[in-house]
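What follows is a set of notes on a single structure, which appears directly below.
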Amino acid sequence: MPQNIGKPFAAHHPPMEDDMPDALVLVADDGPVRTLTLNRPAALNSFTAEMHGQLRDALDAAAATETVRALILTGAGRGFCAGQDLNDPALAPGADGRVDVGAVVEASYKPLALRIRALPVPVIAQVNGVAAGAGANLALGCDIALAARSASFIQAFAKIALIPDCGGTWLLPRLAGRARALGLALTGDKLSAEQAERWGLIWQCVDDEALPAAALALAHKLAALPTQALAATRRALDDAADMDMAAALSMEARVQRERGHSHDFVEGVTAFREKRAPQFTDR
Ligand code: T3D
């Protein structure tokens, strides 16, 4: 359960205490910071089709809520997320005895990864414990990953004859380099949070008991910054990854022109000149 924040409620309903036992994604607000907690702790918050649906609704609701200016994604209990629930009926073999894993990826993991990448607010992964399979790549695909020192990241796919998904093939080489990406993906070995920090896969690892407060403080810091500029920064970095330098420079000029026309830019410069804290309002 999220700590130090408002009373959580189910993602698919307004707050109703009666819904709590069934909610697979808990939602809690602390001012402009919304925390979404994956809530299947007995199965290390692994994904069923139903949890995918509730997370999708919760992300869409956060995107549509003007007062939300930063998002935290975390897990209930001792795990962050163990990827696909390997007992989910979605993995039941068809009449030919085969499982259409591609259909599951198309229907659930691809939209999830893209949805997070397109959110209008910054997203922090608060990695409270083990993050395996798609759960690992879900965390790595957030804007900033903060992990508990006891947490770990496991590219579990090869052990069940799959390849990294939920963006893993794109993210891993970019974050860790080809050698480490392949080492992680081929062996499925556990990567400690401390090593993940040293390798640059995540922003920071902190002591377990300090994680909720550290994630919340970081989220409030981001919430006070110009939200549209943060989303544009994420998009620009992603876009530039596939450009040559000249194209990136042109893209920067185009985006900077848009930014320069924003109220937040005027506010930021005015506040600097007046030696006061800026009040950013664009969302
Ligand atoms: O459709 C598709 O498949 C496409 C999408 C693929 C995306 C993927 O994510 S594929 C990868 C799926 N995930 C895995 O293969 C990870 C499986 N889990 C593990 O390897 C281990 O559980 C962990 C290394 C993550 C943690 O190990 P440990 O020893 O800390 O915990 P545990 O005892 O293994 O797990 C605790 C419980 O969670 C246990 O249930 P039980 O015995 O207490 O009733 C375990 O079965 C359950 N659990 C953990 N992971 C999953 C799971 N149940 C269902 N699905 C899981 N992925």
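The values are calculated or read from the model by the stated rules, or taken from the named source; none is laboratory data. Keep in mind the model is a prediction, meaning the values are calculated, not measured. All Cβ positions, even for glycine, are placed from backbone atoms using ideal geometry, and neighbour counts span all protein chains on display. In case anyone asks, the SASA skips ligands and DNA or RNA and just uses the protein heavy atoms, side chains included. Shrake-Rupley method; radii C 1.70, N 1.55, O 1.52, S 1.80 Å.
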Considering only the chain, percent of DSSP beta bridges that pair antiparallel, nearest 5
35 percent
Considering only DSSP beta bridges whose two residues both sit in region 50-204, what percent are antiparallel, to the nearest 5?
20 percent
First check a/c for region 227-274, with a ≥ b ≥ c the square roots of the eigenvalues of its C-alpha gyration tensor; if it is under 1.5, answer rounded, and if not, answer prolate when a/b is larger than b/c or oblate otherwise.
prolate
When the accessible area of region 3-223 is computed with all protein chains present and a 1.4 Å probe, what percentage of it is carbon and sulfur?
56 percent
Mean Cβ count within 10 Å, highest first, over the residues of peptides 70-83, 214-227, 183-196:
70-83, 214-227, 183-196
Would you kindly state how much longer the chain becomes between Thr270 and Arg235 on full extension, computed as 0.36 nm times their sequence separation minus their alpha carbon distance, in nm to one decimal?
10.0 nm
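Which order do the peptides 32-42, 138-148, 52-62 take when ranked by the mean count of other beta-carbon atoms within 10 Å per residue, highest first?
138-148, 32-42, 52-62
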Return a whole-number percent for the relative contact order of the chain, with Cα pairs under 8 Å and 6 or more residues apart as the contact set.
15 percent
Of all DSSP beta bridges having both residues in region 131-283, the percent classed as antiparallel (nearest 5) is 40 percent
Hey, what did region 158-220 get for relative contact order, percent, Cα under 8 Å, at least 6 apart?
25 percent
Quick one: which of 168-180, 97-109 comes out on top by average Cβ neighbours within 10 Å, and what's the full order, highest first?
168-180, 97-109
Once Rh for the chain is found with the Kirkwood sum over Cα pairs, what is the Stokes-Einstein diffusion coefficient at 20 °C and 1.002 mPa s, in µm²/s?
109 µm²/s
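Test of understanding: what is the full-extension gain from Glu106 to Ala118, defined as 0.36 nm times their sequence separation minus their Cα-Cα distance?
2.6 nm
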Using Cα centres only, tell me the gap between region 211-235 and region 69-111 in whole Å.
27 Å
Just to confirm the number: angle between the C-alpha axis of helix 227-240 and the first principal axis of the chain, 0 to 90 degrees, nearest 10?
60 degrees
With θ set to phi - 60°, apply the Karplus curve 6.51 cos²θ - 1.76 cosθ + 1.60 along region 120-125 and write out the HN-Hα couplings as whole Hz, x wherever there is a Gly or Pro.
x, 10, x, 10, 9, 8
Counting only helical runs of four or more DSSP H residues, what would the 222 nm mean residue ellipticity of the chain come to if each run contributes -39,500 (n - 2.57) and the total is spread over all its residues?
-12000 deg cm²/dmol
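Would you work out the relative contact order for region 54-199, in percent, from Cα pairs under 8 angstrom that are 6 or more residues apart?
Relative contact order here is 23 percent.
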Select from Gly200, Ala213, Gly102 the residue farthest towards the positive end of the dipole of the chain; place +1 on Cβ of Lys and Arg, -1 on Cβ of Asp and Glu, and compute about the Cα centre.
Gly200
7 Å from Cα along Cα→Cβ at both Ala217 and Val255: what's the point-to-point distance in nm?
2.9 nm
